[in-house]
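Here is the structure we will look at.
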Amino acid sequence: MKSINKKNINKFIKAIILITFLLSCNQVYIPKAESKISNENLNKTLDLHAMAIKYDEIVQNDLYTPIDTYNGDLTGYVADCPLCGGRLGCTGEDVLTNRITTHNDNDYGIVKIVASSKNLPCGSIIQFSLPTVSNEKIIAIVLDGGVIGTSIDLLVDNEEYAKSNIGRKQISYDVLRLGYER
């Protein structure tokens, strides 16, 4: 029995020496207790209506986030002006006969029509303020050309309205969409 005790004591001492050595080398692997998380909630329904509302809100916010901002002159023009052909340059639509000054856009709804230079391609959406025309911000689509630089022309019903409410004003406008795709 004495020999069994000596063997156990020797093993114990060797184990303590080994543990002491490993601890001093910082190479000891001490397994950590694993913990598992479980979800016992069986009610996994989603509020799809709330998700759809949030998605629409995100899309709307993105639609009205400016891509760029320009400064330029704003003037008003009518379809029968001396240099106008009565048709929109981008769509060919007859605005002289139909007396159209707005356009129904898939993303922005009913918007005003403006003419721009080639800086803004056809289908671009801009937003600007003009208190003499509207108390709210005006959203317009580029459907005509013939303007120089960063200036824009707002299509209106008659020349008198263009002179009295718009004239020539320096404005800053935001580009919300460049061309027909955002």
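The values are calculated or read from the model by the stated rules, or taken from the named source; none is laboratory data. No experiment lies behind these values; they were computed from the predicted model shown. Counting neighbours? That spans all protein chains shown, and the Cβs are built from the backbone with ideal geometry, glycine included.
So which pairs qualify, if the first residue must be in segment 69-92 and free of Cβ contacts under 8 Å to residues at least 12 places away in the same chain, the second must be surrounded by fewer than 15 Cβ atoms within 10 Å (Cβ to Cβ) and part of a strand (DSSP E or B), the Cβ gap must be under 7 Å, and the two must be at least 6 apart or on different chains?
Qualifying pairs under 7 Å: 86/94; 87/94.
Name the residues in segment 130-150 that are under 18 Å from residue 79 (Cα atoms), outside any strand (DSSP E or B) and either not β-branched (Val, Ile, Thr) or not assigned by TED's automatic domain parsing to the domain that holds residue 85 (or both), would you?
Hits for segment 130-150 are 145, 146.
How many residues does segment 151-177 contain that are surrounded by fewer than 17 Cβ atoms within 10 Å (Cβ to Cβ), part of a loop (DSSP other than H, G, I, E, B) and under 26 Å from the mean Cα position of the chain (by Cα)?
Residues flagged as surrounded by fewer than 17 Cβ atoms within 10 Å (Cβ to Cβ), part of a loop (DSSP other than H, G, I, E, B) and under 26 Å from the mean Cα position of the chain (by Cα) within segment 151-177 amount to 0.
Considering segment 81-129 alone, what residues qualify as being more than 22 Å from residue 172 (Cβ to Cβ), part of a loop (DSSP other than H, G, I, E, B) and among the aliphatic types (A, V, I, L, M)?
Passing the criteria: 83, 88, 100.
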